[in-house]
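Please read the structure below before turning to the comments.
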Amino acid sequence: MSAVLVVLATLLAAAGFAALALAMDRHHAAVIGGTPTPARRRAFRWAGGFVLTLAAWACVHIWGPAQGAVGLWGVASAGAATVLLWLRWREPARAARPRSAR
């Protein structure tokens, strides 16, 4: 049971960070296209915060309050790393810029 909740908490953290990333112009343009409207941006922020709160609840439910707070750091780090790799994969390839001479 607890392994399922750990996976659920990690997926919730990844979904929360993905929603927060989609509230940003750059990531929204790379994934969905265009810039988000203020209402859509606000919805992504609220959804991201809510889903991260659910991930925190799952961690506290699994490990208790003291260890759950520490476990949340690991779950959040894994979720954020997943979103980071996903966004780097989704962004279009950029032309290499030459380094400026010092």
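The values are calculated or read from the model by the stated rules, or taken from the named source; none is laboratory data. Computed from a prediction, not measured in an experiment: that's the story for all the values here. All Cβ positions, glycine included, derive from the backbone under ideal geometry; neighbour counts span all protein chains shown. The accessibility values were calculated without ligands, DNA or RNA, using every heavy atom of the protein model including side chains. Shrake-Rupley method; radii C 1.70, N 1.55, O 1.52, S 1.80 Å.
Structural remarks
- Checked against the criterion of being among the small types (Gly, Ala, Ser), at pLDDT 95 or above and open to solvent by less than 70 Å² (accessible area, probe 1.4 Å), the candidates Ala30, Ala58, Ala39 yield just one match: Ala39.
- All positions within segment 19-69 that are more than 20 Å from Val6 (Cβ to Cβ) and of a type in the set (Gly, Ala, Ser): Ala19, Ala21, Ala23, Ala29, Ala30, Gly33, Gly34, Ala39, Ala43, Ala47, Gly48, Gly49
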